[in-house]
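Chemist: Handing you this structure, nothing more for now.
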Amino acid sequence: MLKGAIVAIVTPFKKGRLDEEAYRELIEFQIKGGTHGIVPCGTTGESPTLSHEEHKRVVEICIDQVKKRIPVIAGTGSNNTAEALDFTKHAQKAGADVALMITPYYNKPTQEGLYQHFKTIAAATQIPIVVYNVPSRTSVNLLPETVARLAKLRNIVGIKEATGDLKQCSKVLELCGDRFIVLSGDDFTVLPLLAVGGKGVISVTSNVAPKDMAGMCNAFFAGDLNKARKLHFKMWPLMEAMFFETNPAPAKTALKMMGKITGEVRQPLCPMSKANEARLQLVLKNYGLIK
């Protein structure tokens, strides 16, 4: 079962191309930090700007480097059902443990359209699927009642909830029951979501502080709420900093400051402003991640 701190890992580039060596080192950094799972080709991995060949290669490298030590949850979503099915079949064949599928963006399907999209892919594959709801990026909200319908399909096992709305998350938990995995898609809401029955987080902040995010989840599940709360507030400035500008520019810039990657993002994203980069640097220094 998926549980704990799962990193939505960045895709490092070097002179415009995938930096495989740095990517493999980032994966090792995550595993050594205690991360409970890895998502390649999520939004944080800049999946919209990866070619199909690159997308599949990034998933394959992750699976190869992880070597079953922790789950790999491959991003396979698209606003084109046929394309999402192709990515999901590839992830299944490559050996991913789970597929993460975003709601179709830009098209703005109805709730029935969303249901049919996921149903079509679930029916044509065997891999467990976690659906991903992030209305701020997609312009559609996968409502709890639709999630409950999807939860009845044999291989749709959970949801990454990134509405930031604990009322909606609670409704999903109420309608779907304990067997359905609800993961936070917002680092700010991890601890409160765990308190109402969530199982963990797919995290941006874990890119730079895997040990603390995993530690917070571990502490909660061990019943040490005081430690979990302390880690929540310790990470709070870092969580805010990861969104000084559009994700993943701050995460990549932070990893550059930490000496791990070049920090390159692909257009239409661009480097952080000097002012926000300075703010980010101060947060990292105060946190102890850089000198």
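The values are calculated or read from the model by the stated rules, or taken from the named source; none is laboratory data. These numbers come from a predicted model, not from an experiment. No Cβ is skipped: glycine too gets one built from the backbone with ideal geometry, and neighbour counts run over all protein chains shown.
Chemist: Given the condition over 28 Å from Thr189 (Cα atoms) and in a loop (DSSP other than H, G, I, E, B), answer yes or no: does some residue in the stretch 47-64 qualify?
Modeler: yes
Chemist: Which residues, counting only those in the stretch 122-142, are assigned to a loop (DSSP other than H, G, I, E, B) and buried (at least 16 other Cβ atoms within 10 Å of the Cβ)?
Modeler: Thr125, Ile127, Pro128, Val134, Val140, Asn141, Leu142
Chemist: Name the one entry in Lys93, Lys89, Lys68 that is of a type in the set (Lys, Arg), surrounded by fewer than 19 Cβ atoms within 10 Å (Cβ to Cβ) and closer than 29 Å to Gly259 by Cα.
Modeler: Lys68 is the lone residue from the list that is of a type in the set (Lys, Arg), surrounded by fewer than 19 Cβ atoms within 10 Å (Cβ to Cβ) and closer than 29 Å to Gly259 by Cα.
Chemist: Looking at the stretch 164-187, which of the residues that are touching a helix residue (DSSP H, G or I) at 6+ places or on another chain (Cβ under 7 Å) and surrounded by 20 or more Cβ atoms within 10 Å (Cβ to Cβ) is nearest to Lys3 (Cα to Cα)?
Modeler: Applying the filter and picking the extreme gives Val182.
Chemist: Which residue, of Thr110, Thr76, Thr49, is under 26 Å from Glu145 (Cβ atoms), modelled with pLDDT of 95 or more, among the polar types (S, T, N, Q) and within 18 Å of the chain's Cα centre (by Cα)?
Modeler: Step by step, each of Thr110, Thr76, Thr49 is checked, and only Thr76 is under 26 Å from Glu145 (Cβ atoms), modelled with pLDDT of 95 or more, among the polar types (S, T, N, Q) and within 18 Å of the chain's Cα centre (by Cα).
Condition check ((1) in contact with a strand residue (DSSP E or B) (Cβ under 7 Å, 6 or more places away or on another chain); (2) hydroxyl-bearing (Ser, Thr, Tyr); (3) within 25 Å of Gly215 (Cβ to Cβ); (4) in contact (Cβ under 8 Å) with a residue 60 or more places away in the chain) across all residues:
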residue: Thr44; (1), (2), (3), (4): yes, yes, yes, yes
residue: Glu53; (1), (2), (3), (4): no, no, no, no
residue: Ser78; (1), (2), (3), (4): no, yes, no, no
residue: Phe87; (1), (2), (3), (4): no, no, no, no
